[in-house]
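Visitor: I'd like to ask you about the structure that follows.
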Amino acid sequence: MHGPIMQLGYVVGDLAASADSWARRTGAGPFIHMPGMAFGGWTYRGEPQALTLDIAFAQLGDKMIELIQPSGAWPNVYGDAPLQPGECRAHHHAFLVTDLDRAAASLDAGRPVTTGRLNEAVELRYYDCRRTLGLFIELITDAPSTRDFFVLSERAAARWNGAAPYLIPLESAA
């Protein structure tokens, strides 16, 4: 229906500690760090919301692992309050889709809980599918810039020898 799950998303209380734990325990890595991310037009339950995200992403086999440490207004799509250091909670599966409205209709999940824009061509939406699928579903516009993001993670993993540092700046991954 939507194609393969492209990303497994987790909310964390300490990004660096979580990246270290994931790398040591599962072999995912290296985690590419994007601090202070803010998306255009970010909403929560239909209302504008100021929220920034410290994000780190890495490959684990053919799946991207995304670690998210939000800061800003609570509650938000990531929870009612920040997680404690050391905590990690499953949050979403992400799909790349060409038609967000059609993909959303197939979820039968109503209105998106959160929307945002990465750029003019890329929109993302979170749908609350916890009752039917166990977690949120993130739909992301399938565009060349989105695909580049996933390729960056795959290439970094292919070059990585598994050693620390497990968390690297985005500039080091290119």
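Visitor: In the range 56-74, what residues are without any contact (Cβ under 8 Å) to a residue 60 or more places away in the chain, of a type in the set (F, W, Y) and within 16 Å of A173 (Cα to Cα)?
Guide: Scanning the range 56-74 gives no hits.
Visitor: Considering only the range 61-86, how many residues are part of a strand (DSSP E or B) and either more than 12 Å from the chain's Cα centre (by Cα) or among the aliphatic types (A, V, I, L, M) (or both)?
Guide: Here the count works out to 8.
Visitor: With the condition being of a type in the set (S, T, Y) and in contact (Cβ under 8 Å) with a residue 12 or more places away in the chain, I'd like the strands (runs of 3 or more DSSP E) fully within the range 87-157 carrying at least 2 qualifying residues.
Guide: Per the criteria, 114-119, 122-129.
Visitor: Could you say whether any residue in the range 31-41 is buried (at least 18 other Cβ atoms within 10 Å of the Cβ) and outside any strand (DSSP E or B)?
Guide: There is at least one residue in the range 31-41 that is buried (at least 18 other Cβ atoms within 10 Å of the Cβ) and outside any strand (DSSP E or B).
Visitor: Within the range 1-30, work out how many residues are part of a helix (DSSP H, G or I) and β-branched (V, I, T).
Guide: Summing the residues that are part of a helix (DSSP H, G or I) and β-branched (V, I, T) in the range 1-30 gives 1.
Visitor: Of all residues being acidic (D, E) and buried (at least 18 other Cβ atoms within 10 Å of the Cβ) in the range 105-141, which is farthest from the chain's Cα centre (by Cα)? Just the residue, please.
Guide: The residue in question is D128.
Visitor: Can you list residue pairs whose Cβ atoms sit under 6 Å apart, with the first residue in the range 26-51 being farther than 21 Å from G79 by Cβ and the second being of a type in the set (F, W, Y) and assigned to a helix (DSSP H, G or I)? Count only pairs 6 or more apart in sequence or on different chains.
Guide: That search, which allows pairs on different chains as well, returns A28/W22.
Visitor: Let me ask something else about it. Among the candidates I68, I140, single out the residue that is in contact with a strand residue (DSSP E or B) (Cβ under 7 Å, 6 or more places away or on another chain), under 16 Å from G3 (Cα atoms) and among the aliphatic types (A, V, I, L, M). It would help to see each step written out before you state the result.
Guide: Details: I68 fails: under 16 Å from G3 (Cα atoms).
That would be I140, the only listed residue that is in contact with a strand residue (DSSP E or B) (Cβ under 7 Å, 6 or more places away or on another chain), under 16 Å from G3 (Cα atoms) and among the aliphatic types (A, V, I, L, M).
Visitor: Okay, moving on. Out of curiosity, is P75 closer than 28 Å to T26 by Cα, modelled with pLDDT of 95 or more and in contact with a strand residue (DSSP E or B) (Cβ under 9 Å, 6 or more places away or on another chain)?
Guide: No, not satisfied.
Visitor: Here is a follow-up. Quick check, is A58 buried (at least 22 other Cβ atoms within 10 Å of the Cβ), assigned to a strand (DSSP E or B) and not basic (K, R)?
Guide: Considered against the rule, which asks whether it is buried (at least 22 other Cβ atoms within 10 Å of the Cβ), assigned to a strand (DSSP E or B) and not basic (K, R), A58 comes out as yes.
Visitor: Looking at A164, A157 in this structure, which one is farther than 28 Å from P48 by Cα, more than 16 Å from the chain's Cα centre (by Cα), surrounded by 12 or more Cβ atoms within 10 Å (Cβ to Cβ) and of a type in the set (G, A, S)?
Guide: A157
The values are calculated or read from the model by the stated rules, or taken from the named source; none is laboratory data. These numbers come from a predicted model, not from an experiment. Glycine also receives a Cβ, built like all others from the backbone with ideal geometry; neighbour counts cover every protein chain displayed.
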